[in-house]
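**Student:** I'd like to ask you about the structure that follows.
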Amino acid sequence: MKEQIRIASGQGFWGDLLTAPRVQVTQGPIDYLVMDYLAEVTMSIMQKQKRRNPALGYAKDMIPLIEDILPDCLERKVKIITNGGGVNPHACAGAILDSARKIGIKKLIVGIVTGDDILTRIDELRSDGNAFRNMETGEDVATIADRLSSANVYFGAFPIVEALRRGADIVITGRTTDTGLTLAPMIYEYDWKEDDWDKLAAGTIAGHIMECGGQATGGNFSADWKMVPGLENIGFPITEAYPDGTIVITKHEGTGGLVSRQTVKEQLLYEIGNPNKYITPEVIADFTTIQLSDDGPGRVKMTGVKGRPRTDTYKVSMSFADGYTAVSTLTYTWPDALEKAKAADRILRERLKNLGLEFEEIRTEYVGVNACHDHLAAMPNPVNEVVLRVGVRGKHYESVERFGKEIAPLILTGPPSVTGFAGGRPKPSEVIAFWPALIPKDAVEPSITIEQL
Amino acid sequence: MNIRLIDIAHARSGDKGDTVNIGLIARDEKDYPVLKKYVTEEKVKSFFGTMVKGRVERFELPNLGALNFLLHGALGGGGTKSLMTDAQGKTFAAAMLRMELEIEETV
């Protein structure tokens, strides 16, 4: 058994810094590279892409990225684990194998985890008695079942572990929890058992620290952002994991950014809900048991983590179409910038009303004044410039589209010293709403397949 | 004595559906009791006022010198439904640090 393994975060979301994976693989020793691509809204976007082209539905920009680092990964024995397979992990694996062939790689084993995508099985699962009740409202999914655009079970680390046991150099999954990507190599390397609750919880929390990439290493750092060096060259987080469940968070030497107890704490608390009860497919982790200590420069040690037995359900994230929105902006300047923006908003709303358009909501913000902090913000005096930002949401495409045609006319038929409509008419975008639910673990089965060169 | 929360704490926020999650962390762990005593659910609810439609929940993490808050109904429906610039509640942490606390000298 290895004495320690080093797991590196390569991407924290779909759209993250494209240079990060190469830095992680080449600027120091690592054993695993994990790349998290999936936010809730991502699955629905990928389903849409797959409907248009059955060969798509995964994080397409990951392919050139993997092609770039693959020779180095194989030479250095770095395994890649990613949920970038989205709603089409097999097509994603196929694209990676094509890339590998193209650059002359002779031997490569790709493990594929599927079974999470239950969109086509919903009717069957419902007739088996699964109501998919909304976890927040308790409603039966029947009310939106005909509008579903995606439905995915959150699998955890164990299917990835199985793929690693079958020799995978790269593991491609669909909807796997962000934390499972990091936990899997620990289970695999140290042969942690399904009821090693404390160790599973420690690995899960390490995964939580890693899942937003640079947000653990000095990015978006509220305590003292001016003191963070070299953000232009930020090093993404690396987890050093030990067989007893001790975790050290660090980053490569020579990279920018910062690892301190403060940067780690900010990420620890990010979007966790109830800290006593952080539920994943493997375990219930208790964040109130975490002990952090400094472990030399740029190293933070985590010990003491406790976990409790897992639940007997998986979380399911479903998405459904729920109307349209459009947002547009205009910029007003001194003199009387804010008064002009307010007058324009009043005129616009009157015109929308006269046209008989109906919306669920019209929202007006004054960007530069109080768009984010509302009544908590002190009023600047004078307001030199302000961006009027108006958004609408409604059930009918036509109304939302018509709103977009009412913005430009304000420039010549409203208050003066106005500019900034270069973007053209805003197009309605579809609202994707979410339906969180639970499903018994025995109702779905992850499936692991191997493809290789 | 009045103190500004930003002088004794740092914070990060994000979303879960229509709920904002704010982690509030004592800059110096010895100030955690001040956060615990003064930054209550009631205080946070009244501070944000109309920005938070639902209830405020607070969880304690003395091991990290931190509190975690859930502000329900604060994101205009959340996700792609929200018309807010800050639809993911990313700047609520900074907004919370605007808070001032009136504390007893002895704490």
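Since every read-out is calculated from the coordinates, none of them should be taken as a lab result. Bear in mind that the values here come from a model prediction, so they are computed numbers and not experimental data. Heads up, the Cβs are rebuilt from the backbone with ideal geometry, glycines too, and the neighbour counts pull from every protein chain shown.
**Student:** What is the projected area of the convex hull of the Cα atoms of segment A:17-103, averaged over all directions, in nm²?
**Tutor:** Quarter of the Cα hull surface area: 5.7 nm².
**Student:** Starting at the first residue of segment B:57-68, write each ³J(HN,Hα) from the Karplus equation 6.51 cos²θ - 1.76 cosθ + 1.60 with θ = phi - 60°, in whole Hz, x for Gly and Pro.
**Tutor:** 10, 10, 10, 9, 10, x, 5, 10, x, 9, 10, 10
**Student:** Using a 10 Å cut-off on Cβ atoms, rank the peptides A:77-88, A:116-127, A:245-256, A:155-166 from the highest mean neighbour count down. Please report the intermediate quantities before stating the final value.
**Tutor:** On the way: A:77-88: 25.8, A:116-127: 15.7, A:245-256: 19.8, A:155-166: 22.6.
Packing proxy ranking, top to bottom: A:77-88, A:155-166, A:245-256, A:116-127.
**Student:** Given a Förster radius of 51 Å and the C-beta distance between A:Arg165 and A:Glu430 as r, what FRET efficiency does 1/(1 + (r/R0)^6) yield to the nearest 0.05? Display every interim value, and only then the final one.
**Tutor:** Numbers: r = 41 Å, r/R0 = 0.81.
Efficiency, rounded to the nearest 0.05: 0.80.
**Student:** Whole number please: convex hull volume per residue, Cα atoms of segment A:320-435, in Å³.
**Tutor:** Details: hull volume 12.2 nm³, N = 116.
So the per-residue Cα hull volume is 105 Å³.
**Student:** Based on the alpha-carbon gyration tensor of chain B, what equivalent-ellipsoid semi-axes (square roots of 5 times the eigenvalues) come out, in whole Å, largest first?
**Tutor:** The equivalent ellipsoid of chain B has semi-axes of 25, 13, 11 Å.
**Student:** Something else now. Find the lysine pairs in segment A:320-435 meeting two conditions, Cα atoms under 23 Å apart and a separation of 8 or more places or different chains, and report how many there are.
**Tutor:** Within segment A:320-435, the lysine pair count is 10.
**Student:** Under a 5 Å amide H to amide H cut-off, with H placed in plane at 1.01 Å, what residues pair with B:Lys53 once short-range neighbours are removed?
**Tutor:** When sequence neighbours closer than 5 places are left aside, the close amide H contacts are B:Ala74.
**Student:** I need the helices of chain A that pass two filters: whole DSSP H segments spanning 24 Å or more by Cα along the axis, and mean Kyte-Doolittle score no lower than -1.0.
**Tutor:** Taking the DSSP H segments of chain A (at least 24 Å long, mean hydropathy at least -1.0), we get A:337-354.
**Student:** On to the next question. In percent, what relative contact order does segment A:320-435 have, based on Cα pairs under 8 Å that are 6 or more apart in sequence?
**Tutor:** Over segment A:320-435, the number comes to 48 percent.
**Student:** Also, quick follow-up: How would segment B:62-107 be classified by its alpha-carbon gyration tensor: rounded, prolate or oblate, with rounded meaning a/c under 1.5 and the a/b versus b/c comparison settling the rest?
**Tutor:** Verdict is prolate for segment B:62-107.
**Student:** Then there's this: How big is the antiparallel share of DSSP beta bridges in the protein assembly as shown, given as a percent to the nearest 5?
**Tutor:** Numbers: 85 of 102 bridges.
Roughly 85 percent of the beta bridges in the protein assembly as shown run antiparallel, per DSSP.
**Student:** GNM, chain B, Cα, under 10 Å: largest mean-square fluctuation among B:Ala95, B:Ala11, B:Ala74?
**Tutor:** Fluctuation is largest for B:Ala95.
**Student:** If all Cα-Cα distances of segment A:73-212 are sorted into 5 Å bins from 0 onward, what percent lands in each bin, rounded to whole numbers?
**Tutor:** 2, 9, 16, 17, 16, 14, 12, 8, 3, 2, 0
**Student:** While we're looking at this one, here's another question. Over chain A, what relative contact order in percent results from Cα pairs under 8 Å that are six or more residues apart?
**Tutor:** 18
**Student:** Which value at 222 nm does the protein assembly as shown reach when only helices count, each DSSP H run of 4 or more adding -39,500 (n - 2.57), with the total divided by all residues and rounded to the nearest 500 deg cm²/dmol?
**Tutor:** -8000 deg cm²/dmol
**Student:** Are any of the pairs A:Lys251/B:Lys16; A:Lys306/B:Lys16; A:Lys226/B:Lys81; A:Lys48/A:Lys441 more than 31 Å apart by Cα-Cα distance, and if so, which?
**Tutor:** A:Lys226/B:Lys81
**Student:** OK, next. Sequence neighbours fewer than 8 away in the same chain don't count; with that in mind, list the lysines whose C-alpha is under 18 Å from A:Lys2.
**Tutor:** Excluding near neighbours in sequence, the set is A:Lys77, A:Lys79, A:Lys193, A:Lys199.
**Student:** Can you tell me how much longer the chain between A:Leu17 and A:Ile411 gets when fully stretched, taken as 0.36 nm per residue apart minus their C-alpha distance, in nm with one decimal? Display every interim value, and only then the final one.
**Tutor:** Working: separation 394, 0.36 × 394 = 141.84 nm, distance 3.77 nm.
The A:Leu17-A:Ile411 span can extend by a further 138.1 nm.
**Student:** Moving to a separate point now. Mind checking the log10 I(q)/I(0) for the protein assembly as shown at q = 0.08, 0.09 Å⁻¹? Debye, one equal scatterer per Cα, no solvent, two decimals.
**Tutor:** Values returned for q = 0.08, 0.09 Å⁻¹ are -0.58, -0.73.
**Student:** At 7 Å along Cα-to-Cβ for each site, give me the label-to-label distance between A:Glu401 and A:Arg299 in nm.
**Tutor:** Using points 7 Å along Cα→Cβ, the separation is 6.1 nm.
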